[in-house]
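The values are calculated or read from the model by the stated rules, or taken from the named source; none is laboratory data. The structure presented is a predicted model; accordingly, all values stated were derived computationally and were not measured. Using ideal geometry, Cβ is built from the backbone for each residue, glycine included, and neighbour counts are taken over all protein chains shown. We work out accessible area using only protein heavy atoms, side chains counted, and drop any ligands, DNA or RNA first. Shrake-Rupley method; radii C 1.70, N 1.55, O 1.52, S 1.80 Å.
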Amino acid sequence: MAISLKKNSGINLEKGLKNLILTVSWDTKMDIDIHALLLTDGRAGEDDDFIFYGNLEHPSGAIIHSGDVKDGSRATGVDDEYITIVMDEIPPIKNQILLSASIHNAVNRGQHFGKATDAVCKLIDKDTNEVLVQYALDQDLIGEHCAKIAQLTKEGSVWRFTALGQPMPSLERILLDAGLEVE
């Protein structure tokens, strides 16, 4: 049974989880893009630590992006866009995975997460297909077009999932905050 989280709440994940899926789904024709940053103490080491529709897989194989879904069609069969996390492949130096989302061309189209009907982030155990955690996005992000959605943080040997719902002015700001250069 999935645990429903609210903004800034979290849970410790069970040890032994091997493969996770972070999904974002929505029922409105919007181009919501999800991204993952593989971090060490909040900092990315290189551009390849940013996983998105233009860089589908981390060199370690730990993070794999499903590809771009532009309309909320659930064409991938597992919600809309999703990111697979292979826990055993995460480089030991990495202790955070930040999931963010942005709406493509949101300002010009007058779109924001509050207009994304039934927008939900889920954490799924890929091996059992069990939804471990879910977090509704539309209420905490009304008026926003970019946000830090959730974070996995390694504390000792235990990974913790935290629902963030933290508005951000842009994807560029998220990348700059992680120490990456933006062109």
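Karplus-based coupling profile of region 39-52, in residue order and whole Hz: 10, 10, 6, x, 10, 7, x, 7, 4, 5, 6, 9, 10, 7, with θ = phi - 60° in 6.51 cos²θ - 1.76 cosθ + 1.60 and x standing for Gly or Pro. Straight-line reach from K6: taking Cα to Cα under 16 Å and skipping same-chain neighbours fewer than 8 places apart, the lysines in range are K122, K148.
Taking P59, P169, P92 in turn, the Gaussian network model of the chain (Cα-Cα springs below 10 Å) assigns the largest fluctuation to P92. Considering only beta bridges that DSSP places wholly inside the chain, some 95 percent are antiparallel. Pop the C-beta distance of R109 and E172 into the FRET formula with R0 = 30 Å and round what comes out to the nearest 0.05. FRET efficiency, R109 to E172: 0.95.
Using a/c under 1.5 as the rounded threshold, could you call region 1-59 rounded, prolate or oblate? The axes a ≥ b ≥ c are square roots of the C-alpha gyration tensor eigenvalues, and prolate needs a/b larger than b/c, oblate otherwise. Oblate shape, in that a/c is at least 1.5 and b/c is the bigger or equal ratio. Residues whose amide H comes within less than 5 Å of that of W159, counting only those at least five positions distant or on another chain, are L13 (H built at 1.01 Å from N in the peptide plane).
Express the carbon and sulfur contribution to the solvent-accessible surface of the chain as a percent, rounded to the nearest whole number, probe 1.4 angstrom.
Details: 4000 of 8650 Å².
Carbon and sulfur together cover 46 percent of it.
Could you work out the relative contact order of region 117-183, using alpha carbon pairs under 8 angstrom and six or more residues apart, expressed as a whole percent? Display every interim value, and only then the final one.
On the way: 90 pairs, mean separation 15.4, N = 67.
Here the relative contact order equals 23 percent.
Taking all Cα pairs closer than 8 Å and separated by 6 or more residues, the relative contact order of the chain comes to 29 percent. The residues of the chain expose on average 47 square angstrom of accessible surface per residue, using a 1.4 Å probe on protein heavy atoms. Per the Kirkwood formula applied to alpha carbons, the chain shows a radius of gyration over Rh ratio, Rg over Rh, of 0.93.
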